[in-house]
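Down below is the structure, laid out as structure tokens.
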Amino acid sequence: MDKIVAFCKRRGFVYQSSEIYGGIRSSYDYGPLGVEMKRNIKEEWWRRLVHMREDVVGLDAAIIMHPRVWEASGHTATFNDMLVESRTSGRRYRADHLIEDATGADAEGMSAEEMTKIIAEDDRIKDPVDGGRDFAPVRPFNLMFETYTGPVKSPENVVYLRPETAQGIFVNFKNVTQTTRVKVPFGIAQQGKSFRNEITPGNFIFRTREFEQMEMEFFVEPGTDEEWHEYWLEQRWNWYTSLGINPENLRFYEHPREKLSHYAKRTVDIEYNFPFRGWSELEGIANRTDFDLKQHAQFSGENLEYFDQGTNKRYVPYVIEPAAGPDRIMLAFLVDAYREEEVNGESRTVLKLHPRIAPTKAAVFPLSKKEPVSTIARQLYDELKGDYRLFYDDSGSIGRRYRRQDEAGTPFCVTVDFETAEDKQVTIRDRDTLEQERVPITAVRERLQG
Ligand code: ATP
């Protein structure tokens, strides 16, 4: 992990937020390469889930919503983690994690009372900082960030930063069905920031308090939900593997029935085997039933039923929700692609990222700063820069330039040399096979596709 964090900083993928002030825990900034890579992940999700489908539309809802939304969804009452405070160090921990780390037992879903009892009785459970065993009773802690609208900080002006993007979709269900021509089964997709006041954020960008989500609510006729759930499990699995994630590092995790969230009939996670923390969720794919629409119908007084003109039936649709986080997914892509290799007796660090995910699609290298090499290289760069993220580099030896691009994950390096003026050809070097191919300048655009 330390290696990845240092690498991300050195190459401008991810920086600690507010670093010149000593940083702020759990906040990260995406640097020049990181922002490109995260955008590519979001873009690939959007392309595959929205643009390539006729049955999914997009949405971009506000972060600050009516506070009643969170009452209806259950977040105000139940979006809690169990918090325990050590009386010796004053540190606060997630009680389930404290128990699990010390005993290996699965504490998720236990009540505060049960956890308090276990912590008091099991002397393997100690404060990780000072080894103390004096803990205050476990209590639920609501993860929503509160703030106020307007100048008066009074209870009636309390609003929340959304802890998930999904509710913005549910509350727009009526708008979308009335203003577009969607018909069940159909989905509404959204990407954007979510906020959770996590008690123990950590593992770099794996768990932060401010993060992004990519969620899609796919509305289906009740009774067809189980089939659609299977369908989306397969679709989402294929998304990862088609973008180059090693399938051996991926698995489905079926949530046990007794631990399902209050809204779910079935939830299956796609997990990645991170070297520093083992199998961990990248995405949850839940059958949320008609819970959310029914709750919003009840709390708002609006009728959120759907009238199916084909069958003349009126019903509240069930919902299948793939909910993913691009920050976590980016960490998985980075870890999966990172290699230190020996090549021809020399060592290199390389990110074997899929070309659609790599921050830079290709680098253009003039072999020399002299004419006509330089002008031809510039022309090629200018011609392609509107379609691909490119990097122009004319300094240092070619070997050094290649190594820098290997580290950045750039799949192709295109070199213009003195012969180019004669034969109108350039050399394309492949990051992974290291093969160098001579191709006509006019064929470069096509070679970069894919
Ligand atoms: P976890 O159990 O790890 O806290 P969760 O089950 O609460 O996650 P969901 O509510 O299902 O997560 O959110 C969907 C996705 O959003 C997660 O799979 C993850 O990719 C992302 N996500 C959730 N919380 C965070 C966070 N604090 N930091 C970064 N990404 C997050």
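Things to note:
- Amide H to amide H, with H built 1.01 Å from N, Gly58 comes under 5 Å of Ala189, counting only residues 5 or more places away or on other chains.
- Per residue, the chain reaches -8500 deg cm²/dmol at 222 nm when only DSSP H runs of four or more residues are counted, each adding -39500 (n - 2.57).
- Distance histogram in 10 Å bins (all Cα pairs of segment 1-113, percent per bin): 10, 19, 26, 36, 9, 1
- Placing a label point 7 Å from the Cα of Glu383 along the Cα-to-Cβ direction, the residues of segment 398-429 whose backbone N falls under 19 Å from that point are 412-429.
- For a straight C-alpha distance cut-off of 18 angstrom, the aspartates and glutamates reachable from Lys369 (same-chain residues fewer than eight places away being disregarded) are Asp382, Asp393, Asp394, Asp417, Glu419, Glu422.
- Seen from Lys3, the other residues with C-beta closer than 13 Å to its C-beta sum to a net charge of +1, counting Lys and Arg as +1 and Asp and Glu as -1.
- Here Lys183 is the anchor, and the lysines within straight C-alpha reach of less than 16 Å, apart from those fewer than 8 places off in the same chain, are Lys174, Lys313.
- Pairwise centroid distance, computed over Cα atoms, of segment 268-302 with segment 168-219, Å: 10
- For the peptides 302-313, 127-138, 279-290, the ranking by packing is 279-290, 127-138, 302-313, with the highest mean count of neighbouring Cβ atoms within 10 Å listed first.
- For the residue pairs Lys42/Lys385; Lys38/Lys370; Lys193/Lys259; Lys259/Lys294; Lys193/Lys265; Lys3/Lys42, the alpha carbons lie more than 32 Å apart in Lys38/Lys370.
- Kirkwood hydrodynamic radius of segment 349-450, from inverse mean 1/r over distinct Cα pairs, in Å: 13.3
- Computed across the chain, the Kirkwood hydrodynamic radius from all distinct Cα-Cα pairs reaches 24.9 Å.
Every read-out reported here was derived from the displayed coordinates using simple, explicitly stated rules and does not represent laboratory data. This one's a predicted model, so the numbers in the text were calculated from it and none came from an experiment. Cβ sites come from the backbone with ideal geometry, for glycine too, and all protein chains shown count toward neighbours.
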